[in-house]
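Derivation of every value follows stated rules applied to the coordinates shown; laboratory data play no part. Since this is a predicted model, take the numbers as computed values, not measurements. Here the Cβ is made from the backbone with ideal geometry for all residues, glycine too, and neighbour counts use every protein chain on show.
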Amino acid sequence: MAGFLARTGMRDWLFAYVGAVTVWLVTVMIADGFGAMQTLTAGLGFAVFYVLVATGQMFVIATGPGNIDLSIPATVTLGAGVAMSVMAGSDAMIVPGFLAAIATGIAVGSFNYALIRLLRIPPIIATLSSSFIVQSTAIWYGRGLSIKPPDALQDFTFARLQGVPVMALCAVVFTLVMAVVLRRTVYGRSVLAIGQNPKAAHLAGVDVERTRWITYTLSAALAGFTGALFAGFSGGVSLDMGTQFLLASIAVVVIGGTSVAGGKANLPGLWGAAMFLFLLVTMLNAAGVGSGVRQLLTGILIIAVITAAGGEKRGR
């Protein structure tokens, strides 16, 4: 069985699903079976946002050690503010609003890469510094901004098809598309090649810097899009709405089976890891754990799962 899992690649992401199912069963036991399916439905709906930001983060991390995007929370907030401002509550402006949020993300991603490439700043420092600038811009831009999302957008975020969130079904299609991009396109293979050995990738004809720029802009663009979608889900914009996505975007990627050493990415695992994070918090809430203790236990459990799911370590 271990050999089969290794050959099919399931070993890297099966752990995340086992963890999610285990936590769900414990939650159901604590609640005496009440709301079991409702918990799963809510988890699928909320997992969409984790998966979207984690997809961009996954591509960044896959490009090699030290590559990480810490500007995601600020970009989520700014993207939400720009989108709601453009939409102005009008159903007819939903598409332009999303396009504006994506454009905002592209601008942030390009700025991140400029800091990394032109100023030779390590990615973790560059994106952290950028996040302060982006968050300050979001605060300035969103001051006094209180705009209700368009009704059609809110209806979409809560729509169900046979009990399954429509938003989740669309996100699954998106995941399949990104899997094709990762495994079947020149760009996706270039990302993995750079993560394995950037010098060898360059000698093989891969445009390393162009690929890294696309990767950072992709991450930020998905963060901006997620902000617009999350604003529709939550009923508007708040200045701290992106905070929860910093831990989530990293934990979901690692728990989902992507190697922090780079050169290896895993899209199926993102869904299992996203459900695990949501259900973990739900379980602790159902157990009546206080906020402070809940955050402590969540952190400890996430560290334990990341350690257990770390997989093989690859020499460089």
| query | Given N residues in the chain, what is Rg(Cα) / (2.2 N^0.38 Å)? | reply | 0.99
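In percent, how large is the relative contact order of the chain, given Cα pairs closer than 8 Å and 6 or more residues apart?
36 percent
Could you tell me the calculated FRET efficiency between VAL208 and MET29, based on Cβ-Cβ distance and R0 = 51 angstrom, to the nearest 0.05? Working shown, then result.
Details: r = 50 Å, r/R0 = 0.99.
It comes out at approximately 0.50.
Sorted from fewest to most neighbouring beta carbons within 10 Å, what does the list VAL206, VAL254 look like? Mind showing how you got there, number by number?
Numbers: VAL206 19, VAL254 25.
Least to most surrounded, the residues fall as VAL206, VAL254.
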| Computed label-point distance, nm, for sites PHE158 and VAL95 using a 7 Å Cα→Cβ extension | 2.6 nm
| note | Spelling it out for ARG160: with amide H atoms placed in the peptide plane at 1.01 Å from N, the residues 5 or more places away or on another chain with amide H under 5 Å from its amide H are VAL166
| said: Under 8 Å for C-alpha pairs, at least 6 residues apart: give me the relative contact order for region 99-253, rounded to a whole percent. | reply: 43 percent
| Relative contact order %, region 1-144, counting alpha carbon pairs below 8 Å whose residues are six or more apart | 23 percent
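Can you tell me the length gained on complete extension of the stretch ASP151 to PHE174, counting 0.36 nm per residue apart and subtracting the Cα distance?
Values: separation 23, 0.36 × 23 = 8.28 nm, distance 2.35 nm.
The ASP151-PHE174 span can extend by a further 5.9 nm.
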| note | With x for Gly and Pro, the residue-by-residue ³J(HN,Hα) of region 156-172, computed from phi through the Karplus equation 6.51 cos²θ - 1.76 cosθ + 1.60 at θ = phi - 60° and given in whole Hz, is 5, 5, 10, 5, 10, 10, 6, x, 9, x, 4, 4, 5, 4, 5, 5, 5
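Among 83-90, 32-39, 72-79, 180-187, what's the highest-first ranking by average C-beta atoms within 10 angstrom per residue? The partial results should precede the final answer.
Details: 83-90: 19.8, 32-39: 11.8, 72-79: 31.8, 180-187: 13.8.
Highest to lowest by the protection proxy: 72-79, 83-90, 180-187, 32-39.
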| Distance in nm between pseudo-label sites at ALA103 and LEU296 (7 Å out along the Cβ direction from Cα) | 4.9 nm
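With runs of 4+ DSSP H residues as the only contributors, calculate the mean residue ellipticity of the chain at 222 nm using -39,500 (n - 2.57) per run, divided by the residue total and rounded to the nearest 500.
One gets -25000 deg cm²/dmol as the mean residue ellipticity at 222 nm.
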| request: Determine the distance separating the Cα centre of region 128-162 from the Cα centre of region 230-262; give it in Å without decimals. | output: 14 Å
| region 37-83: Rg/Rh from Cα coordinates, Kirkwood Rh? | 1.10
